[in-house]
Structure formats: structure tokens, C-alpha cells
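The values are calculated or read from the model by the stated rules, or taken from the named source; none is laboratory data. Fair warning: this is a prediction, and the values are worked out from it, not measured in the lab. When we count neighbours, we look across all protein chains shown, and the Cβ atoms used for this are built from the backbone with ideal geometry, even at glycine.
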Amino acid sequence: MEITATERRPRRLPQRRRLASLLAAAAVAASALIATQPAAAEDPWLTQLDGGYVRITIPNAAVEAAVGPVSQVVVEGNFAPSANWGQIGLTRSGANWQTTFGPLEPGLHYYQVTGDDSNVFKDPTNPTSVASEPEWSTFFVAGESAALLADAPEEAGTIKTLTYHSDVADEERSALVWTPPGYRTDGRPYPVLYLQHGGGQGYRDWTEVGRAEQILDNLSLSGELADMVVVMGDGNVPDFTTELLDNLIPAVRDAYHVSNAKKDRALAGLSMGGVQAFRVMRDHPGEFAYVGVFGAGPSRFGDIRDVPVEELNDLTTLFRLYVGNKTDIAYNDVYESMQQFDELGLRYQFDGVNPDNGHNWNAWQENLVDFAPRLFQGKKETGDAGFSAGHTALEERFDPPAAGTTPTPWITDDGFVTFETTTDFAEADFVSVWANWGPNGSWVRVEATKVGDRWRATVGPLDPWSYYYRLIVDRVSVKDTSNPTKVTSEPAWSTFFIPGEESRLLADVPQGEGGTLDVLTYQSAVANQQRSAYVWTPPGYDPERAEPYPLFVLNHGGGQSWTDWVEVGRARQILDNLTRDGDAEPMIVVMPNGNVSNFNAEILGSLLPAAEAKYHISTDPAERAMAGLSAGGARTAGMLKANPGAFAYIGLFSAGFGATTGIDVAAINEGTELLLMHVGDVTDFVYPGAIASMAQMEAAGIEFEFDGVTPGPHGWDPWQKNLIDFAPRLFHDAQ
């Protein structure tokens, strides 16, 4: 968050009561996290935690029993941006593969387990199933935004299986039939909605993945849905139109009290089922008064210019089109279809582009929620003909540049990012892009698709922020060589930036308005060699200024080095913006290399004397600060314990304080203006230890501040936010 001058806290703000409540709540969460780790193979592999988080623990013995020994295990499902297919990587820890992930958006989530890219198997501890995808399991995350997908609060409609003979397939076939609450076999016959699945799916998908039963139940109980019967048939036949008109409709009429009037019939389908619905409408005008096409563009399957426009306009009460965002494979097809419909004068409604979802069940569930209440409302209109709330116009095709013609990633103004490999991986079997675009900056892999002799993937829309990624080619991390950015400590990583208000503090400032970044080279007495550190001096730095500048030492984490806060953490941009905005005092920031045998001696005996010799730095401990992330936080805590009062301001990011025995608590409290603790949420692997550490600090009487967790994992998204929070708290009484 951004801290302005008016929001700065006074020295040692008393927060004992609030701090205790924060620690208590965090300790409960930490205990729950530990308690949910399965201890035996028969325990659930996936456990839901509070707040939409999930804990995944898969015994390696179970993996080997299913697919044999593997070097990599992922859980893949609708976890990527736009609820598209993505992979969550698991880490081997002892006898288990495990991770904690989230928070997931409310709704239904579906997943499978995969070892070494191609060895797919089902979670046997999850009793849910998807008939068309035998390896899938599902789980539901409750929440207000998914209220219509939750089980109905009271007795509602009924789902039954209808079995009938198909002359088209020459076999007995099945459909699911939903009847509304209070369904009767006498009185006025019910209208019928025929609801079709997509390609590679079956008649059970709308209930097993689409939550159609819950949607229909909740809409009916709320009074938004006309009394109707809904039939979910099997569209996997060579002649769907004949199957529907000559076999399924008569079978439904024989088994249920439904109307035979065409004005009382509706037909809708997703993807392949949407094209089937359009073809029935085109070839049999008026056979269905209402037609919905979800995530499909009929123009993709041939010329539609010969449709009987006048008949369709006269006999169709409602024809409504739906599509997801630019990651929806139907996006361009829907655009082309609407262009042709407009030229022909065919009347239709368009629900607008769904900005949040792609070609997936999240979008199609929303389509059903919008479409079903428009049906069979008598003299009422079919609803607002415009877009659903938040949906946008479809004004042009989405066409990334031709292969090989542009650097990667290619970024649109609205946050869609297209990655493309070189031709070096033309013979690869699996390529994915692994980046921090999961919840709160967690890492999710998105599969690439082979296009000619290159691989491509489009992801988005991404929120404004900074991103880092690597290519995974047949389970090997590879640098995107088309991207000139680099991360010295992680040679396979590249970075990119999405501008916007949310990421403003991470953006470059205008030319000439930022500070200066130098490399300080000095002789290390500890390492007995020349070593380097980054030094940031503020805008307008004046080495002749009467008052020396306060000093802030900013430490990297384990496996990192002095370049990371600049190359990944965007510390330069953060400091530039905070100082330019007047939210941080002008200071000198040193980013050292903490990979040394004696950190304290290195900083105090070698680095700081070199920095003081070159820069106009205050030697007053009250004008000195130190912070670090992860292992750098541990080093920072070690400096505080060994040298209380040497740095008046201390920040620990995703790190615990460590042992409290044998330390001089009084000296620490007296010499420390601010000791600020930060830690990520339950997806941060240091979370339990950090919470326990703060409880020990509290018990020992060490004064510190903790404002609650920073949402996110053990990664740069929280650490950037920690720096944005910490830097404005420093030295505001220095000048």
C-alpha cells in the first residue's frame, strides 16, 4: 500500500491489544495449516482452508503406485488467469509432494494430478467425478460471488435420468432432466430448455462441472426463473439435429408433462453445442423460440450467409450470443459471426465480452445464469438486450503478431500477454510458461501450444504489476532469449511490467526525476576479495549538503544476490516514486551481497566504511535502517541481536526473529525506533515459523509492529509491498 506523509505512525505506537488479536488469529491459521497435512495415504490429498486456500499433500508412494517414479508432480485445473487451465507445481518434501495455494475465487474448481507432463491420474481421495474426464475431481469454494452455484438452501428441483432409444445412433441413450420445484403432471404443460454440452464432453457435464442443477434451483427459488423443464442431452452423434428433433424431443414429451408448442422451446449450448444450436435454428426456423450460443462462433464452421434471415427474425423470440475474453478460442469466431449477422440483418443480442473468463466453465456458468431467466416469461420482455454488468463490446479481432515477427512477451493495452519461443524447441513435447500470475503473486504454469516450429501462449488479463517468468521445456527451466531482461541470480528468469494505477509505484519515473543507481565496488576483509553492492542515491543528491543523508541497508534473500532487489524487486522504481511523491525521506540505500561467512563483520567492517568514504552518509544510528527478505531478514535480525542500536529502524520481510534467549531486550527496545514484521499468508512457507516467532517476541517483551499478513506467497509480490510499506516509515524526524 502507499503510505503518505499524513499516514506515518508515531514512534513506537502502542498496539498491544490489536497486535495480540492479530497474532492470535494468525496462530489459529498456522495451527490449522499444520493440522491439515495428511499423515496417511487414505487421507484427503486436497484440503480446503479458510479464505479460499487449499492445502495439497500427495504421498509419493501413491504417485508411484499410479504412474511410477516421476521427477515432477503438478495439480492442474482451472487455476490460471481467466479461470483457464493452469498447473500448480508441487514440491517434494520427505514422503510427500505438497503445496499450499490460493486464495481461489469462489466457485467450482476442477483438477487432475499429473506426473512428468503426461502421466495423468485422478485424486482417489476425492469422491467427486466427471464422467467425460475420468481423471478430474472437483471442489467448491463458497462465497457471495458464487451464491447461485452453491447448493440450494431448501428443497428445490429434481434431476433424473431419461433413457430413450436413438434411431440415429441405433442404441439406448441417456439425458438428464431437471424439473422445477413443485413439478406437476397435470395442468398447464411446462416449456422446455434443451441445454447442450461442448466437444469432448457428455450429457452429465452440465451437472458435474457446470453446476446447472444448483444454478437452476437457486434461480427458481429466487423467482427469477419461469417454471420449466431443462433437458441436458448427449450431442455426440453424427446427426445432432435429427437426434434432437426426432428422438430426444419425442422421448421428453412422452416422459414429462411438457408443451409441444414451438414457442415453449429453447435451445442453448456451449462451444460445439453452441454451433449445434445455431445449425438447428438455421435449418429449422421457429422450431425453437429461444436460442443461446455460449462461447462459439458459427462462422468458424462454414459460410452462414445463406441463413433464412426473414424467417428467423419472424419466428425467433430471442437469439443471444456469449463469449469470453481474448483467451477464449471462440473470440474471433464470434466477432466474425456478428459481422456477418449485421450484414445480413439477422437480429441477435450480444451479452458482451466477459472480461474475467476464457473458454471454460466459469464463463458458461455465467452464460446460463444470464440466459435461463430470459425464457418463457409470457408477456414480459426477454430481459435487457444489452451486456451483462461489466461486460464490454467486441470491436475487433484479437490477432497477435505473426510468428517470429515480434519480441516476446507481446503485451496489449488491456493486460493480455502473448509468449512465443524461438524455433529451438520445435522438437519439444511439452512447453509451459511459469510465472507469478497466480493468486497474490503465486506461481502458476500455463501450457503453450505449438504453432509451426514455435510454441505460443496467451495469458490474461493480468493486473498491473511486475512479473517474472521462465519457460519450462520438457521439465527443464529455459530462459526466454527473446526477452532482453535478466535476473543474474536466476539465469532462466525474464521479467515484464504491466502499467496501471495499481503498479504506479513500480513504474519508471519520467526522465531526470528519479534517483541514481551506482555500483559500489569495495575490498571485503571477510571474503578477501573485491565485492559489489548497488547504491541508490535520491533525486537531487548533494554530496556537499550540510546534513548527511540517512542510510538504509536493504538485503536480499537466500539464493539471491545484490542485484535482485533491482532486477526483480524494482527497488529503484519504488524508491524513485516514493521519494518523488514526498512519501519517503531522501536517503541513501545500499543493497549488499549478503552471501558471506560473517554478515555482520562484512557490513560493519567492510561495506559501510567503503560507502561512507564515497557517499555523504550519516553515522548516527538514529538515521540508519536495515531490512531484508527471507534469509536477508534473518541476517537483519542477527544484526539487531548482536548490535542493538546500530540501526534504529529494522524490517523483517517473510522472516522470523529467531531465538529470544540470551539477547538484551532492553537494549533492543531502547535503540530501535521501529521493528516492523512482515510475512506472507498461509502460502508463504515461513508463515507458521514467523507467527510463532512473533509470539515469542511478545512473550520476551520485544517491542515490534505487525499489521497482519501481506497477501501472497514467499515471493516478490509481497516483498515489493513490504518495501512500499516500510520505506515511508523511515527517518521522518531526521531532517
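One table, with the values for the structure above:
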quantity	calculated
Lone qualifier among THR660, THR672, THR683, THR710 - being of a type in the set (Ser, Thr, Tyr) and surrounded by fewer than 20 Cβ atoms within 10 Å (Cβ to Cβ)	THR660
Any chance ARG504 is in a helix (DSSP H, G or I), under 23 Å from the mean Cα position of the chain (by Cα), charged (D, E, K, R) and modelled with pLDDT of 95 or more	yes
Some residue of segment 538-548 being surrounded by fewer than 21 Cβ atoms within 10 Å (Cβ to Cβ), farther than 24 Å from LEU730 by Cα and of a type in the set (A, V, I, L, M, F, W, C)	no
Hits in segment 235-261 (condition: touching a helix residue (DSSP H, G or I) at 6+ places or on another chain (Cβ under 8 Å) and farther than 17 Å from PRO181 by Cβ)	GLY235, VAL237, PHE240, THR241, LEU244, LEU245, ASN260
Odd one out for ILE498 among (1) over 24 Å from GLU76 (Cβ atoms); (2) in contact with a helix residue (DSSP H, G or I) (Cβ under 8 Å, 6 or more places away or on another chain)	(2)
Condition met for VAL568 (touching a strand residue (DSSP E or B) at 6+ places or on another chain (Cβ under 6 Å), under 17 Å from GLU623 (Cα atoms) and crowded, with 23+ Cβ neighbours inside 10 Å)	no
Pick from segment 423-464, criterion at pLDDT 95 or above and on the phi > 0 side of the Ramachandran plot, ranking: surrounded by the fewest Cβ atoms within 10 Å (Cβ to Cβ)	ASN440
Which numbered condition PHE387 misses (of (1) surrounded by 14 or more Cβ atoms within 10 Å (Cβ to Cβ); (2) within 27 Å of the chain's Cα centre (by Cα); (3) in contact (Cβ under 8 Å) with a residue 60 or more places away in the chain)	(3)
Any pair with Cβ under 6 angstrom, 6 or more apart, that starts in segment 522-549 at a residue that is charged (D, E, K, R) and ends at one that is assigned to a loop (DSSP other than H, G, I, E, B) and at pLDDT 95 or above	ARG531/ASN593
Positions within segment 284-298 being over 26 Å from PRO189 (Cα atoms) and not aliphatic (A, V, I, L, M), in sequence order	PHE294, GLY295, GLY297, PRO298
Enumeration of residues in segment 468-498 that are surrounded by 21 or more Cβ atoms within 10 Å (Cβ to Cβ) and either aromatic (Phe, Trp, Tyr) or not in a strand (DSSP E or B) (or both)	TYR468, TYR469, ASP480, TRP493
Unique residue being modelled with pLDDT of 95 or more, under 16 Å from ARG570 (Cα atoms) and of a type in the set (Lys, Arg) when the list is LYS479, LYS486	LYS486
Of all residues making up segment 221-244, the number that are over 33 Å from the mean Cα position of the chain (by Cα) and free of Cβ contacts under 8 Å to residues at least 12 places away in the same chain	1
The one condition in (1) surrounded by 18 or more Cβ atoms within 10 Å (Cβ to Cβ); (2) without any contact (Cβ under 8 Å) to a residue 12 or more places away in the chain that LEU195 fails to fulfil	(2)
For SER271: the one exception among (1) under 23 Å from PRO181 (Cβ atoms); (2) crowded, with 20+ Cβ neighbours inside 10 Å; (3) among the hydroxyl-bearing types (Ser, Thr, Tyr)	(1)
Some residue of segment 424-432 being closer than 19 Å to THR327 by Cβ and out of contact with any helix residue (DSSP H, G or I) (no Cβ under 8 Å at 6 or more places or on another chain)	yes
Residue in segment 508-525 that is β-branched (Val, Ile, Thr) and over 18 Å from GLY569 (Cα atoms) present	yes
Segment 96-119, subset touching a Pro at 6+ places or on another chain (Cβ under 6 Å) and assigned to a loop (DSSP other than H, G, I, E, B), residue nearest to GLU144 (Cα to Cα)	PRO103
The one condition in (1) of a type in the set (S, T, N, Q); (2) outside any helix (DSSP H, G or I); (3) modelled with pLDDT of 95 or more that SER693 fails to fulfil	(2)
Verdict on THR418 being free of Cβ contacts under 8 Å to residues at least 60 places away in the same chain, hydroxyl-bearing (Ser, Thr, Tyr) and in a loop (DSSP other than H, G, I, E, B)	no
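A quick yes/no check of all residues on (1) farther than 30 Å from LYS614 by Cα; (2) assigned by TED's automatic domain parsing to the domain that holds VAL553; (3) not in a loop (DSSP other than H, G, I, E, B):
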residue: TRP434; (1), (2), (3): yes, no, yes
residue: LEU462; (1), (2), (3): yes, no, no
residue: SER466; (1), (2), (3): yes, no, yes
residue: PRO510; (1), (2), (3): no, no, no
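Yes/no matrix, rows are residues, columns are (1) farther than 19 Å from ASP463 by Cα; (2) not aliphatic (A, V, I, L, M):
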{"residue": "ASN313", "(1), (2)": "yes, yes"}
{"residue": "TYR322", "(1), (2)": "yes, yes"}
{"residue": "THR327", "(1), (2)": "no, yes"}
{"residue": "ASP333", "(1), (2)": "yes, yes"}
{"residue": "VAL369", "(1), (2)": "yes, no"}
{"residue": "GLY378", "(1), (2)": "yes, yes"}
{"residue": "PHE419", "(1), (2)": "no, yes"}
